[in-house]
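Encoded as structure tokens, the structure appears first; notes follow it.
The values are calculated or read from the model by the stated rules, or taken from the named source; none is laboratory data. None of the values given here were measured: they were computed from a predicted structure. So basically every Cβ, Gly included, is an ideal-geometry build from the backbone, and we count neighbours across all protein chains shown.
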Amino acid sequence: MIYGYIRPLYDDDKCDNQLNIIPFQCETIYRELHGSPKKRTQLEEMLMALQADDIIVVERLFALADTTRHLVELLKLCEKDGVTIHFLKEGIQSSEILAFSLQDMMMHILQFQSDIVKQSTTLGLVQAKEQGKSIGRPKKSDNNIKKAISMYHSGNFTLLDIKNETGISKSTLYRYLEAAQNG
């Protein structure tokens, strides 16, 4: 069987472009009602219906997957089930040698990106601790907050005066005023 899969995208919210591009020989087209990555019921339904030698046709990679990791997972699943995915815009079929290389390359890129983020975060935290820096958002002293609130309620100071005197920004002052009102 040949299945089509479409969902609302940022540049095709009514799926018109996808419907015009996906071939008419698709026996069933699964269509999501939303473009959110969560609760893609039609994708799940299609994946459950797949059998060996079936074909999935999508307009482009992003129509099927939301992240690199998601795409790799779908490629693995379809390879395991003997299903081919045709990505029309990219001109790629998952059954071609190029696609297997693409899958391997994407798995390596995904791991590489993950390792870079983990490594730079870890090094940054260690370096900051070695320099005696505190981790996280710095706290304002209670005395400055009380002074800023007092100055604000007096009505004799502008927000700029309060910031210059206490170091408390307008948004921080409003956050504390709102907390005091609600608390």
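Here are some notes:
- Test: residue in the stretch 39-50 that is among the hydroxyl-bearing types (Ser, Thr, Tyr) and surrounded by 13 or more Cβ atoms within 10 Å (Cβ to Cβ): no
- Subset of the stretch 141-164 (residues that are closer than 15 Å to Arg175 by Cβ, β-branched (Val, Ile, Thr) and without any contact (Cβ under 8 Å) to a residue 12 or more places away in the chain): none
- Where a residue in the stretch 62-88 is under 18 Å from Glu32 (Cβ atoms) and its partner, wherever it lies, is among the aromatic types (Phe, Trp, Tyr) and modelled with pLDDT under 90, with Cβ under 7 Å and at least six apart: none
- Test: residue in the stretch 131-142 that is in a helix (DSSP H, G or I) and modelled with pLDDT of 85 or more: no
- The stretch 32-64, residues that are among the small types (Gly, Ala, Ser) and in a loop (DSSP other than H, G, I, E, B): Gly35, Ser36, Ala52
- Only a single item in (1) surrounded by fewer than 17 Cβ atoms within 10 Å (Cβ to Cβ); (2) in contact with a Phe, Trp or Tyr (Cβ under 6 Å, 6 or more places away or on another chain); (3) within 28 Å of Ser114 (Cβ to Cβ) is not met by Thr28, and it is number (3).
- Test: residue in the stretch 6-23 that is at pLDDT 95 or above, closer than 20 Å to Leu77 by Cβ and in the same structural domain as Gly91 (by TED's automatic domain parsing): yes
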